Amino acid sequence: VISFAGELLKQAEDLIRQGLHTSEIVSGFQRAYDKTLELLPGMVCKSLDNPRDRDALQAAIKSVISTKQYGYEDLLSGLVTDAAMTTMTPTGRARFIPDSLRIAKIRGGSVNQCTYLKGMVVSKDAEGVVKAVKNAKVVVFGCGIETAATEAKGTVLLKNADDLLNYNKSEEKAMEEAISGIAQTGAKLVISHGAVSEMALHYLDKYGIMCVKIMSKFDLRRICGAMGATAIIRLAPPTPEEMGEISSVEVVEVAGRKVIKFVQEQNEDTTTATIIVRASTENVANDVERALDDGIHSVRALCVDGRLLPGAGATELELSKQLKAFAVDVKGLDQYGIRKFAESFDVVPRTLAENSGCDPSSSMHKLHASHEAEGTATVGFDIEEMEPIDAAKAEIYDIYISKVNALRLSVDAAITVLKVAQSVMAEPAGGPKPPPQGGRGA
């Protein structure tokens, strides 16, 4: 968006210097944009009809991920595809919610060690001595596991040591009854959204129940979705409908940090998946996370509209060629704006050539020449061989819906700036003026 909008304004500056009024430039840009929207559907080279087709989905998002993590695109696109397919709706039209796919960053190791699992990862330790359970029934409490305080302030009068012992025993008895009631339901895992008292932890360990404390209500909601449980707000044995199930829960140590892995074996058992990012430094982990985030939102876009355009700058080169031909047939001053709009598309292949370390002028000459013949609409720039390449055959794609939205936003931004009546100037920041250089006695 920024590159294309900046190029449009740069080309508009040339037209203003030649004497065209901004209203004429805006009119030309608007006509060129409308023509572009007419041309784009005819340039679609592939359509993803079924987002549940793993290989087709991976091929569609691989180009998106390789823009940020070139060299790891096969690994990362595979992880995003597998994780996304876990959380997609199993029947009917494929729907994917990006929020159901989480990313957990664990520093240490290399990017090649990134994995995904059906379920969730929580970066903390379990509360009690039980650190792992398998095929467990789960109880999720939306409150703390502790003795509830009364609303009214009461005073207990203790006359002797026996009264004190009996008072403690009554509290212990109430807590043990609550925990034993939970144990009798067959629950092996308890998740608390609040504090877990020492007494409650003692009885949970006694009955062999694993206890995990989750303070984030968003994580608690995702865990309920991953296990099919309902959070209850009373310290009492749950009903069978309120309980969830999990294939395995265990505390593992990864690079010196303890994390809890909630894993579901079957896809239909969970609506949440997690990609575990491993990297040597925090910066690399953040870069990988951004690439994965792009891939995740690309899956969402493809579930809405599965059309794909040829990438590697091929779409922009073909649009430039066809708009220049369109400008020849236009009468009046609009043709100048349309021609400059067409030239602005060169910013994408030219930037690819510059970033690859080759001469952009000669590369652009080769690319424009390669689009002259018929049937060359999918020819783009190969960043490895530094030669023109058939992007469709090389499976380098741009997502149609993303391209349309990017063009709309960049054209809107450029036209808005051109419509501003006054000159937009960069003024120096506020504050005292610097003292004059030189002066008497210098």
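Of Y207, S361, S77, which is farthest towards the positive pole of the chain's charge dipole, taken about the Cα centre with +1 and -1 on the beta-carbons of Lys, Arg and Asp, Glu respectively?
In the chain, that residue is Y207.
With helices defined as uninterrupted DSSP H runs, which ones in the chain have an alpha carbon span along their own long axis of at least 27 Å and mean Kyte-Doolittle hydropathy of at least -0.5? The partial results should precede the final answer.
Details: long enough: 161-184 (34 Å, -0.70); 282-304 (33 Å, -0.05); 400-419 (28 Å, 0.78).
Helices meeting the span and hydropathy rule in the chain are 282-304, 400-419.
Can you give the FRET efficiency for K324 and E384, using 1/(1 + (r/R0)^6), R0 = 30 Å, r = Cβ-Cβ distance, to the nearest 0.05? It would help to have the intermediate numbers written out before the result.
Working: r = 29 Å, r/R0 = 0.97.
With a Förster radius of 30 Å, E is 0.55.
Show K433, K261 ordered by accessible area, largest first, where the area counts protein heavy atoms only and the probe is 1.4 Å.
Values: K433 185, K261 60 Å².
Greatest to least solvent exposure: K433, K261.
Note the full-extension length gain between N405 and L164 as 0.36 nm times their separation in residues minus their Cα-Cα distance, in nm to one decimal.
79.6 nm
Given the convex hull over the Cα atoms of region 229-314, what projected area results after averaging over all orientations, in nm²? Let's see the in-between values first.
Working: hull surface 41.3 nm².
With the hull built on Cα positions only, its mean projection is 10.3 nm².
Taking the Cα centre of region 170-240 as origin and charging only Cβ (+1 Lys, Arg; -1 Asp, Glu), how large is the dipole, in debye to the nearest 20?
On the way: 8 positive and 7 negative charges, 84 e Å.
So the magnitude is around 400 debye.
For D398, which sequence-distant residues (separation of 5 or more, or a different chain) have an amide H within less than 5 Å of its own amide H, given hydrogens modelled in the peptide plane?
L309, G311
Using bins 10 angstrom wide from zero, how does P(r) for the chain break down, in % of all Cα pairs?
Result returned by the calculation: 4, 16, 19, 17, 14, 12, 9, 5, 2, 1, 0.
What distance in nm separates the simple spin-label points at R93 and E177, each placed 7 Å from Cα in the Cβ direction?
Taking the two extended label points, one gets 5.4 nm.
Place a +1 charge on the Cβ of each Lys and Arg in the chain and a -1 charge on the Cβ of each Asp and Glu, then give the dipole magnitude about the Cα centre in debye, rounded to the nearest 20. The partial results should precede the final answer.
Working: 50 positive and 59 negative charges, 183 e Å.
So the magnitude is around 880 debye.
Any idea what Rg and Dmax come out to for region 252-398 if you just take the C-alpha atoms, in Å?
21.9, 71
Using the charge dipole of region 328-424 (Lys, Arg: +1 at Cβ; Asp, Glu: -1 at Cβ; taken about the Cα centre), state which of I396, V330, F345 has its Cα farthest towards the positive end.
The residue sitting farthest along the positive end of the dipole is V330.
Can you give the FRET efficiency for K393 and S110, using 1/(1 + (r/R0)^6), R0 = 22 Å, r = Cβ-Cβ distance, to the nearest 0.05? Please list the in-between numbers first.
Values: r = 32 Å, r/R0 = 1.45.
E between K393 and S110, to the nearest 0.05, is 0.10.
What is the calculated FRET efficiency for A236 to D305, with r their C-beta to C-beta distance and R₀ = 56 Å, to the nearest 0.05?
0.70
With each run of n ≥ 4 DSSP H residues scored as -39500 (n - 2.57), what mean residue ellipticity at 222 nm is computed for the chain after dividing by its residue count and rounding to the nearest 500 deg cm²/dmol?
Values: 13 runs with 196 residues, N = 442.
Value at 222 nm, helices only, nearest 500: -14500 deg cm²/dmol.
Taking 7 Å along the Cα-to-C-beta vector as the label spot, tell me the T67-F218 distance in nanometres, rounded to one decimal.
The modelled label-to-label distance comes out at 2.4 nm.
Have a look at V44, V259, I233 and report the one farthest towards the positive end of the charge dipole of the chain, computed about the Cα centre with Cβ charges (Lys/Arg +1, Asp/Glu -1).
The Cα lying farthest towards the positive end belongs to I233.
According to the square roots a ≥ b ≥ c of the eigenvalues of the Cα gyration tensor, what is the shape class of region 176-253, taking rounded for a/c under 1.5, prolate for a/b larger than b/c otherwise, and oblate for the remainder? Could you put the intermediate results ahead of the total?
On the way: a/c = 1.39, a/b = 1.22, b/c = 1.13.
Rounded shape, in that the Cα axes give a/c under 1.5.
List the lysines whose Cα lies under 22 Å from the Cα of K321, skipping any in the same chain that are fewer than 8 positions away.
Partners found: K10, K35, K46, K331, K340, K366, K393, K403.
What number, in percent, do you get for the relative contact order of region 197-248 if the mean sequence gap of Cα pairs under 8 Å and at least 6 apart is divided by its residue count?
Values: 25 pairs, mean separation 12.4, N = 52.
Value for region 197-248: 24 percent.
Sequence gap at least 6, Cα distance under 8 Å: using those rules, report the relative contact order of the chain to the nearest whole percent.
On the way: 766 pairs, mean separation 118.2, N = 442.
Relative contact order for the chain comes out at 27 percent.
Check V254: other-chain or 5+ apart residues with amide H under 5 Å from its amide H, H built from backbone geometry?
V259
The values are calculated or read from the model by the stated rules, or taken from the named source; none is laboratory data. Quick caveat: nothing in here was measured; it's all calculated off a predicted structure. Note that we place each Cβ from the backbone using ideal geometry, even for glycine, and neighbour counts take in every protein chain shown. Calculation scope for accessible area: heavy atoms of the full protein, side chains included, ligands and nucleic acids excluded. Shrake-Rupley method; radii C 1.70, N 1.55, O 1.52, S 1.80 Å.
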